[in-house]
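One structure below.
The values are calculated or read from the model by the stated rules, or taken from the named source; none is laboratory data. Source: prediction; values computed, not measured. Here the Cβ is made from the backbone with ideal geometry for all residues, glycine too, and neighbour counts use every protein chain on show. Side chains included, ligands, DNA and RNA excluded: accessible areas come from the protein's heavy atoms. Shrake-Rupley method; radii C 1.70, N 1.55, O 1.52, S 1.80 Å.
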Amino acid sequence: MRRLRVSESMRRLVRETRLDPAQFVLPLFAIPGEGVRKEIGSMPGHAQLSVDLLVTECEECVKLGLGGVILFGIPEHKDELATGAYSPEGIVQRAVKAIKSAHPQLLVITDVCNCEYTSHGHCGFVKDGDVDNDETLTWLAEAAVSHARMGADIVAPSDMMDGRVAAIRQGLDSAGFQNTAILSYAAKYASAFYGPFREAAESAPQFGDRRTYQMDCPNAREAMREIELDLAEGADMIMVKPAMAYLDIIHEARSRFDVPLAAYQVSGEFSMIMAAARNGWIDGERTMMETLIAIRRAGADFILTYFAKEASRLLG
């Protein structure tokens with residue numbers, strides 16, 4: 001067996017799993033203002049960016065050949081009705097329009113959720129201390145249509161409300177956006193790995209948690225049911241989130257469903273690697289690439305990752 005490992009040239013020739021910048025999607029955080037860059041303390045190298053700086057950031061993404069970007073928004077004001085999520089003048093809507101105007105060839109995905117826009121930090125309309133599923137669907141459909149209207153190529157609902165894919169598909173089709181694809185966060189777990197993201201998106205719940213609507217971490221068969229339902233409702237692509245602790249879910253989804261499959265290497269995964277690397281405990285570059293390879297090997301077609309630019313530079 002060692003004959004096929006004798007040199008880097010030999011290893012490269014027989015390598016079974018490969019990475020390409022086109023398989024990476026970079027998450028970006030849009031904030032109001034101009035010339036504004038707010039570093040995210042728990043995510044070294046990443047920042048909340050005003051729209052003008054996002055356009056510049058996307059220029060580099062195009063040069064690196066990334067598969068695309070996914071946008072999250074931090075609005076000027078938050079309220080109980082998440083109006084910033086579906087307002088025509090919302091921060092993500094403005095960002096999409098500017099990016100597509102400057103870089104029409106760049107694939108732009110928008111996160112469709114409400115937690116960044118609600119004053120309480122939950123993903124929908126709160127009634128009697130819990131999120132009302134069906135009331136929230138209206139917000140999600142309106143947000144998705146508003147993103148498509150500005151030029152979003154793909155909308156990605158991450159809220160985990162039941163029936164949201166069908167509501168969004170109906171809303172898009174009725175508004176004339178039949179070609180706007182839906183990437184569903186189909187198996188999104190109530191994970192501890194989201195901690196740094198809550199700083200980045202300023203979206204921590206003000207009470208309780210999200211376990212009544214995000215998936216329970218021990219459940220695998222339930223994830224397959226979630227995926228089946230979302231595909232039946234019209235999802236074009238599916239996602240598993242987080243990635244590293246859920247490689248078994250990615251693998252099972254790849255075995256069962258013949259549709260494009262994404263995995264989200266989330267903020268906590270990124271920050272742990274960065275922290276250990278900065279302390280000299282691990283080789284940061286090798287660990288980054290090894291984890292990305294593992295996600296691809298498990299079956300993901302593309303990866304949402306905060307390492308998108310760094311990994312692409314290494315791949316050359």
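General observations
- Solvent exposure of region 1-60, expressed per residue, is 60 Å² of accessible area, with all protein chains present and a 1.4 angstrom probe.
- Scanning the chain for chymotrypsin sites (Phe, Trp or Tyr not before Pro) that sit in a DSSP loop and have at most 13 other Cβ atoms within 10 Å, the longest stretch containing none of them is 1-206.
- Within the chain, percent of DSSP bridges classed antiparallel, to nearest 5: 15 percent
- Between helix 247-256 and the chain there is an angle of about 80 degrees, using the helix long axis and the longest principal axis of the Cα atoms.
- Size descriptor for region 83-182, Kirkwood hydrodynamic radius: 13.5 Å (Cα pairs only, one decimal).
- Region 1-120, accessible surface, carbon-and-sulfur percent (1.4 angstrom probe): 53 percent
- Computed [θ] at 222 nm, deg cm²/dmol, the chain (DSSP H ≥ 4; -39,500 (n - 2.57); rounded to nearest 500): -12500 deg cm²/dmol
- With both residues required to sit in region 38-173, DSSP beta bridges show an antiparallel share near 35%.
- Antiparallel DSSP beta bridges within region 90-244, as percent of all bridges there, nearest 5: 15 percent
- 0 to 90° range, to nearest 10: angle between helix 267-278 axis and the chain longest Cα axis: 40 degrees
- When the trypsin sites (Lys or Arg not before Pro) in region 193-295 are filtered for DSSP coil states and for at most 13 other beta-carbon atoms within 10 Å of their beta-carbon, the remaining sites are Arg211.
- 0 to 90° range, to nearest 10: angle between helix 91-102 axis and the chain longest Cα axis: 60 degrees
- Filtered GluC sites (Glu not before Pro), region 22-59: DSSP coil and at most 15 other beta carbons within 10 Å: Glu34
- Paramagnetic reach from Ala102 in region 32-57 [backbone N under 13 Å; point 7 Å along Cα→Cβ]: 34-37, 49-57
- Take region 96-192 with all the other protein chains still there, run a 1.4 Å probe, and you get 34 Å² of accessible area per residue.
- Springs between Cα atoms under 10 Å define the GNM used for the chain, and in it the highest mean-square fluctuation of Val259, Val14, Val55 occurs at Val14.
- Region 1-61: C-alpha gyration tensor shape, a/c 1.5 cut-off, then a/b vs b/c: prolate
- For region 166-316, a Kirkwood radius taken over Cα pairs fed into Stokes-Einstein (25 °C, viscosity 0.890 mPa s) yields D = 147 µm²/s.
- Here each label is just a point 7 Å from Cα along the line to Cβ, and for Met1 and Glu76 those points are 6.2 nm apart.
- The value of relative contact order for region 185-309, using C-alpha pairs under 8 Å at least six residues apart, is 28 percent.
- Accessible area per residue (1.4 Å probe, heavy atoms of protein chains only) ranks Leu229, Leu49 as Leu229, Leu49, with the largest value leading.
- Per-pair calculated FRET efficiency, R0 = 41 Å: Glu135 and Leu314 via Cβ, rounded to 0.05: 0.35
- Of the trypsin sites (Lys or Arg not before Pro) found in region 19-101, not one falls in a DSSP loop while having at most 10 other beta-carbon atoms within 10 Å.
- Neighbours of Glu202, meaning other residues whose beta-carbon lies under 15 angstrom from its beta-carbon, give a summed charge of -3 when Lys and Arg score +1 and Asp and Glu score -1.
- The alpha carbons of region 1-147 occupy a box of 65, 36, 31 Å along the principal axes, longest dimension given first.
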